[in-house]
Amino acid sequence: MTNLSPNLPPDKQREMLRKMLTIRRFEERASDDYLAGKIYGVVHCYIGEEAAAVGVCSALDHGDRIISTHRGHGHCIAKGADLKRMMAELYGRQAGYCKGKGGSMHIADFDIGMLGANGIVAGGIAIVTGAGLAAQMEGKGGVAVSFFGDGASNAGPFHECLNIAATWKLPMLYVCENNMYAAQTPAAATHALSDVASRAAGYGIPGVVVDGNDVFAVYQAAHAAVERARSGGGPTLIECKTYRWRAHTERRGQPDLRDRAEVETWMRRDPIAMLAQQLCEQGELDSAGLQAMEDEIAHALEAAVAFAEASPFPLPDQAVEDVFAS
Ligand SMILES: Cc1ncc(C[n+]2csc(CCOP(=O)(O)OP(=O)(O)O)c2C)c(N)n1
Ligand SMILES: [Mg+2]
C-alpha cells in the first residue's frame, strides 16, 4: 500500500486524484482516437506514470516553470493546461496550442509555466536549466523543473546541466521518470547503476529515489526539493521509479518486447487505484464521489473533442507563419 498521506487538506488530495484520473482518461481517449485515424503524428501515452507528474506539480506554485518530454500530456495536465486546446493540438486543428502545426510533442503554455513538450530526448533539460537561471536572476523565489526519462539520463545535456546547475546553485528539480525502458531498450543495457539518483553524487547535489507510483511519496520529495531550491540550496535530482503500461507509442503494430508478467506486476500497483483506495480508507472519498469525478472528467473530455472537431485544420499558407528561423 501507499505511504502515509502528507499533511495535506482533503481537497488538495482529491484534486491530486482528479488530475491523475484526468490524465488517464485523456490518454485513453488520445489512444482510441489515434488508432481510429483522427489524430496524426505520434502519441506516447503516460498511462501508469500519472503519480510522478501530479506529485511534483502539486508541490509547485503557478509561476514555477516546468519542461516536459515526448511523453508530455501528463505534465501539461498536471500543470493546469486546457484540455480543449490540448485535444485540438492532437487533432491538428487551428484552435490547438500550436495552431495544429505541432501535434502531441509540441504543447506549451507559458501562461501556466509549461515551457513545452519536446521530441528531442534530453532536449528539454538544457532549455529548462535556462529557466532555472532566469528564476535565479529574477530573484522572486521561482523554481524550474525538468522532467525526463531514464534514457535521457544517459545523454550529454543531463550531465552538463546538472553540473552547471549544481555549481551555480540554480533553483531546479531534475525529475527522472525511470520507467525502466528507453523505447525497447531496458535501462540495465544502457547504464551500470541501478539508481539514476546515484548520479547526483557526481555533481555534489542530493539524489533521491522515490516510489513513482505513490503520489504522496513523490509530493513529499518534490516539496522538500522545492523548499531547498527556493531557499538558495540549489538543485535536487529526484528519481521516480515507475512504469508505462502501454507500448512506447500508440502506433498500431508497435512491438512491446517487455515481459508480460512484468507489465502485469506493475499494473497491479496502479497509482490511481492506490490513491483512490487510500482516500476512501481515510474517509475523504466514497464510491459516489469517485463516480462524480469520473463523470465530470468524461464530460470535460467530450467537450474537448467537440472543441477540437469544430476547429478547422491549418491552411497551407499558414505553414510558414510563426517560423522564427530556418
Ligand atoms: C536525441 C534523440 N534520440 C533518439 C530519439 C528517439 N527516441 C524517442 S523516445 C526514445 C526513448 C526515450 O526513453 P526515456 O528517456 O527513458 O523516456 P520514456 O520514453 O521511457 O518515457 C528514443 C530513443 C529522439 N527522439 N531523440
Ligand atoms: Mg524510460
## Note on the structure
Expressed in angstrom and rounded, the centroid-to-centroid distance over alpha carbons for the range 271-322 and the range 52-103 is 12
### Task
Determine the per residue accessible area of the chain with all protein chains present and a 1.4 angstrom probe, expressed in square angstrom.
42
### Query
When only C-alpha pairs under 8 Å and at least 6 residues apart count, what is the relative contact order of the chain, in percent?
23
### Query
To the nearest 20 debye, what is the magnitude of the charge dipole of the chain about its Cα centre, counting +1 on the Cβ of each Lys and Arg and -1 on the Cβ of each Asp and Glu?
580
### Message
Helix-only mean residue ellipticity at 222 nm, the chain, DSSP H runs n ≥ 4 weighted -39,500 (n - 2.57), per residue, nearest 500. What is it?
### Response
-13500 deg cm²/dmol
## Note on the structure
Here the FRET efficiency for T190 versus K38, based on Cβ atoms and R0 = 25 Å and rounded to 0.05, is 0.10
### Task
Between the alpha-carbon centers of the range 195-227 and the range 154-169, tell me the distance in whole angstrom.
16
### Query
Suppose R0 equals 35 Å; then what is the FRET efficiency for L8 and A325 from their Cβ-Cβ distance, rounded to the nearest 0.05?
0.20
### Query
With θ set to phi - 60° and the Karplus curve 6.51 cos²θ - 1.76 cosθ + 1.60, what are the ³J(HN,Hα) couplings of the range 10-20 in order, to the nearest whole Hz, using x for Gly and Pro?
x, 4, 5, 5, 5, 5, 5, 5, 4, 5, 5
### Task
Please count, across the chain, the pairs of lysine residues with Cα atoms under 28 Å apart that sit 8 or more places apart or on different chains.
24
### Task
Could you go through the range 260-271 in sequence order and give the Karplus-derived ³J(HN,Hα) for each residue, using 6.51 cos²θ - 1.76 cosθ + 1.60 with θ = phi - 60°, rounded to whole Hz, and x for Gly and Pro?
4, 5, 5, 4, 5, 4, 5, 5, 6, 9, 5, x
### Message
Using each residue's phi in the range 77-88, evaluate 6.51 cos²θ - 1.76 cosθ + 1.60 at θ = phi - 60° and report the 3J(HN,Hα) Karplus result to the nearest Hz, with x for Gly and Pro.
### Response
5, 5, 8, x, 5, 7, 4, 5, 5, 5, 5, 4
### Query
Using the beta-carbon distance between A298 and A183 and R0 = 30 Å, what value does 1/(1 + (r/R0)^6) give for FRET efficiency, to the nearest 0.05?
0.40
### Query
Could you list log10 I(q)/I(0) for the range 10-310 at q = 0.09 Å⁻¹, which the Debye formula gives when each Cα is one point scatterer?
-0.41
### Message
When a/c reaches 1.5 or more, the comparison of a/b and b/c decides; with that in mind, is the range 1-53 rounded, prolate or oblate per its Cα gyration tensor?
### Response
prolate
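The values are calculated or read from the model by the stated rules, or taken from the named source; none is laboratory data. Remember, it's a predicted structure, so these values are computed and weren't measured experimentally. In this analysis, Cβ positions are derived from the backbone assuming ideal geometry, glycine residues included, and neighbour counts consider all displayed protein chains. Just the protein is used for accessible areas: all its heavy atoms, side chains included, with ligands, DNA and RNA removed. Shrake-Rupley method; radii C 1.70, N 1.55, O 1.52, S 1.80 Å.
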